[in-house]
Amino acid sequence: MLANFVWWTAIALEVVILLRSGRTGLLKKYPLFFSYIGCVLLTEILGLLANALAPKLYEPLYWPADLATILASYAVMVEIFRWSTRHKPGIRRLTQRALLTVFILTVAYAASNFVNGKFGSPSRAVAALGRDLRYVEAGILLLMLWLLQRYRIPLGRNLRGLLIGYSFWVGVNVVNLALWFVPGNEFSILLRGLLPATYLFTLGIWCVTLWSVHPEPVQPAESRIERDYELLAGKTQAVLARASTRVARIMRP
Amino acid sequence: MTGLLAIIILGSLILIFGLRIALQSPNTRTQSPSITLEEFANAREALDTTFVEAAAIERIFSTEDMEFISHSSSPQARRLFLEERKALAIQWLRKTQKQVAQLMDLHFRLAGHTHEPNPRFELKLGAKYLSFLLVSYFLLFLLWLRGPFKARRVVAYTSHVAGYFCTVFSLRLESINAVHLGPDDSDPDTGV
């Protein structure tokens, strides 16, 4: 009964988020994020239909659907990086290339394990790939959060909401995944029970923060600080080389 | 078990950082990376103090005073001298750590202000800062454990790396035109 309530509430919230984004225009602004919501909605509807009409199909459908959701969730991170570095085209290109490389490496690693017969069945391989991607995603997300805070990159209210909800969901999921295989861990059982509720909470955050369009913070006009950056970087590198030589000399016994 | 712990820490850190972002004011003014004249002046002052104090710092770790006290004073005076020097050394190290952290913060904010920061340079500087933190905390532990006279080599390293940071930021601050910086918003009477 409770599971059904959570399922239907999640579907309702996802539909509201998608409809609202179409009306406000945020759908065009954050297409990857709303594709993720659409993907989750689709897998939930398919799951519900399979559960009601063809229960035998539910299990074979579960892992591919889960993998599709995790792949779509990786795209959300690309979206957040894309928007937070929108005023820095060089950094934007670099992060997009890095995200793509990490993604390809993770898939290649899982594929090689599958080819070498490390997994008993395709569903196990899919589950392992999903888990690995989630861990990689978590690592990159942590780095991104640290960089955003360290460099104090200003975020608009919509992007902030998107990021907060996403961090909450990925964080809880990673802790849950880690504790999943600890036998008899009471906290793991509790967390697994709470997972659907945390998803509803995440959807609630997105629903509130993406309800209307908020302006993005304006990047300050170019100043002398920026124009001098290349020159300063060159000078600093020269100082670094000199200092390293000096430090090496001091540390020598 | 180690892997499990690492993943739990990873997930928990994501939640903590997410919460920090959620608790920050959504007001764009407080999120702005602009640097005020006061911060700029404080950074300059911190740098100047570091350079001026170099001779005094050398003296804290100098073995000459220790040799003199060992030869001519009672054990009680020697113990008092050691305690005093240890406290001074720890105080100096904590102050240096704080100053370098302030300068790094200023640098991060300047880089956040820049349209095209150089990722390679940022990475190198970040690695250097991380190594400084590790060595300085190790030195702090060493000072606390063995006193200032048995940690001279690590002191030399820390002092030079701190000097490097000061040179880097001195170069950077020299190139900043103070006219372009934001005014200090605080009330001069209340300091708020």
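The values are calculated or read from the model by the stated rules, or taken from the named source; none is laboratory data. Computed from a predicted structure; not experimentally measured. Here Cβ is always computed from backbone atoms with ideal geometry, including for glycine, and neighbour counts include all displayed protein chains.
Below are the figures for this structure:
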{"item": "Residues of segment B:62-86 that turn out to be surrounded by 13 or more Cβ atoms within 10 Å (Cβ to Cβ), farther than 15 Å from B:Leu142 by Cβ and of a type in the set (A, V, I, L, M, F, W, C), as a count", "result": "4"}
{"item": "Among (1) at pLDDT 70 or above; (2) among the charged types (D, E, K, R); (3) within 27 Å of B:Leu130 (Cα to Cα) - the single one B:Asp48 does not satisfy", "result": "(1)"}
{"item": "Selection within segment A:17-27 - over 15 Å from A:Tyr199 (Cα atoms) and surrounded by 14 or more Cβ atoms within 10 Å (Cβ to Cβ)", "result": "A:Leu18, A:Arg20, A:Ser21, A:Thr24, A:Leu26, A:Leu27"}
{"item": "Any hit, segment A:41-48, residues being outside any helix (DSSP H, G or I) and free of Cβ contacts under 8 Å to residues at least 40 places away in the same chain", "result": "no"}
{"item": "Subset of segment A:164-176 [at pLDDT 85 or above and polar (S, T, N, Q)]", "result": "A:Ser167, A:Asn173"}
{"item": "Residue match in segment A:102-109 (condition: within 14 Å of chain B (Cβ to nearest Cβ), modelled with pLDDT of 85 or more and buried (at least 19 other Cβ atoms within 10 Å of the Cβ))", "result": "no"}
{"item": "Any chance A:Leu179 is within 28 Å of A:Arg20 (Cβ to Cβ), at pLDDT 65 or above and assigned by TED's automatic domain parsing to the domain that holds A:Ile80", "result": "no"}
{"item": "Subset of segment A:127-173 (residues that are of a type in the set (Val, Ile, Thr) and part of a helix (DSSP H, G or I))", "result": "A:Val136, A:Ile140, A:Ile164, A:Val170, A:Val172"}
{"item": "Residue that is nearest to the chain's Cα centre (by Cα), among those in segment B:97-147 that are of a type in the set (A, V, I, L, M, F, W, C) and within 7 Å of another protein chain (Cβ to nearest Cβ)", "result": "B:Phe108"}
{"item": "Residue list for segment A:133-158, filter: more than 7 Å from chain B (Cβ to nearest Cβ) and under 13 Å from the mean Cα position of the chain (by Cα)", "result": "A:Leu133, A:Arg134, A:Val136, A:Glu137, A:Ile140, A:Leu143, A:Met144"}
{"item": "Search result, residues across segment A:63-96 that are modelled with pLDDT under 85, part of a helix (DSSP H, G or I) and within 14 Å of chain B (Cβ to nearest Cβ)", "result": "A:Ser84, A:Pro89, A:Gly90, A:Ile91, A:Arg92, A:Arg93, A:Leu94, A:Thr95, A:Gln96"}
